[in-house]
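**Q** The structure that follows is given in the form of structure tokens.
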Amino acid sequence: MPDPLKLIAVEADEVEILSAATEGLITSAGEMSYLKSARAFALIGSRFKWEDATAADRSGGPWHRIRSGLYIGDVTSVRTTGISRQKPTEVLELLSLSTHVGNDLETEITLNFAGGGTLRISAECVNVTLTDTGEAWETDKKPSHDDTPTAPQNR
């Protein structure tokens with residue numbers, strides 16, 4: 001198995017790479033934390049290994065998932081829509097990450113989830129890290145999404 005992935009984004013366009021790598025990441029509200037005093041947001045989830053998917057598709061070999069952590073630093077606030085802290089084990093599937101950088105470099109990073117849930121994270125700058133942890137495992141499901149929001153279906 002290849003080395004674990006570790007990606008760091010410090011520019012808005014670099015977040016697009018992290019977005020591609022985290023598409024289909026399975027997590028829950030209980031695996032997310034806003035550490036206000038540390039000015040950080042972190043989540044852990046099961047990431048589909050897109051970087052290995054093409055070779056697996058060609059060879060007929062298995063796809064893989066791996067536990068991954070997403071860390072966002074220099075956070076000033078976190079707002080949620082459609083994600084309930086009352087349901088800490090409810091499955092959430094990450095569709096994409098997007099960024100908007102304002103004139104004063106204040107950055108809004110949005111995590112968009114299947115079913116319409118969003119996390120809007122305000123930060124002083126782009127400071128995002130994705131790190132794989134542990135060993136990958138086989139999965140028979142490859143994430144795919146149509147244009148209509150639905151509940152997560154791929155694990």
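**Q** Only one of these is touching a Gly at 6+ places or on another chain (Cβ under 6 Å) and basic (Lys, Arg): 85, 67, 120. Name it.
**A** Step by step, each of 85, 67, 120 is checked, and only 67 is touching a Gly at 6+ places or on another chain (Cβ under 6 Å) and basic (Lys, Arg).
**Q** Of all residues in region 49-82, which are in contact with a Phe, Trp or Tyr (Cβ under 7 Å, 6 or more places away or on another chain) and under 17 Å from residue 28 (Cβ atoms)?
**A** Across region 49-82, the qualifying residues are 65, 78.
**Q** Sticking with this structure for a sec: Please work out if residue 89 is surrounded by fewer than 14 Cβ atoms within 10 Å (Cβ to Cβ) and either in contact (Cβ under 8 Å) with a residue 24 or more places away in the chain or under 10 Å from the mean Cα position of the chain (by Cα) (or both).
**A** Against the criterion (surrounded by fewer than 14 Cβ atoms within 10 Å (Cβ to Cβ) and either in contact (Cβ under 8 Å) with a residue 24 or more places away in the chain or under 10 Å from the mean Cα position of the chain (by Cα) (or both)), residue 89 qualifies.
**Q** Let me ask something else. Given the options 18, 43, name the one that is part of a helix (DSSP H, G or I), within 16 Å of the chain's Cα centre (by Cα) and surrounded by 13 or more Cβ atoms within 10 Å (Cβ to Cβ).
**A** When all the criteria are applied, what remains is 18.
**Q** Hey, does region 71-85 have a residue that's surrounded by 15 or more Cβ atoms within 10 Å (Cβ to Cβ), β-branched (Val, Ile, Thr) and in contact with a helix residue (DSSP H, G or I) (Cβ under 7 Å, 6 or more places away or on another chain)?
**A** Yes, because at least one residue in region 71-85 is surrounded by 15 or more Cβ atoms within 10 Å (Cβ to Cβ), β-branched (Val, Ile, Thr) and in contact with a helix residue (DSSP H, G or I) (Cβ under 7 Å, 6 or more places away or on another chain).
**Q** Could you list, ordered by first residue, the pairs with Cβ atoms under 8 Å in which the first is in region 35-58 and in contact (Cβ under 8 Å) with a residue 12 or more places away in the chain and the second is part of a helix (DSSP H, G or I) and among the hydrophobic types (A, V, I, L, M, F, W, C), at least 6 apart or interchain?
**A** Within 8 Å, the pairs are 47/21; 50/20; 50/21; 51/21.
**Q** Taking into account only those residues within region 128-150 that are surrounded by 14 or more Cβ atoms within 10 Å (Cβ to Cβ), within 26 Å of residue 99 (Cβ to Cβ) and more than 14 Å from the chain's Cα centre (by Cα), which is modelled with the highest pLDDT?
**A** Only one residue tops the list, namely 145.
**Q** Considering only region 75-149, give the strands (runs of 3 or more DSSP E) lying wholly within it that have at least 2 residues that are within 30 Å of residue 3 (Cβ to Cβ).
**A** Once the strands (runs of 3 or more DSSP E) in region 75-149 are filtered for at least 2 residues that are within 30 Å of residue 3 (Cβ to Cβ), what remains is 91-101, 107-113, 118-123, 128-139.
**Q** Which residues, counting only those in region 9-20, are over 21 Å from residue 115 (Cβ atoms) and of a type in the set (Gly, Ala, Ser)?
**A** The answer is 9, 12.
**Q** Restricting the search to region 94-127, which residues are aliphatic (A, V, I, L, M) and crowded, with 18+ Cβ neighbours inside 10 Å?
**A** 94, 95, 97, 109, 111, 114, 119, 121, 123, 126
The values are calculated or read from the model by the stated rules, or taken from the named source; none is laboratory data. Only a predicted model underlies this, so the values are computations on that prediction, with no experimental measurement involved. So basically every Cβ, Gly included, is an ideal-geometry build from the backbone, and we count neighbours across all protein chains shown.
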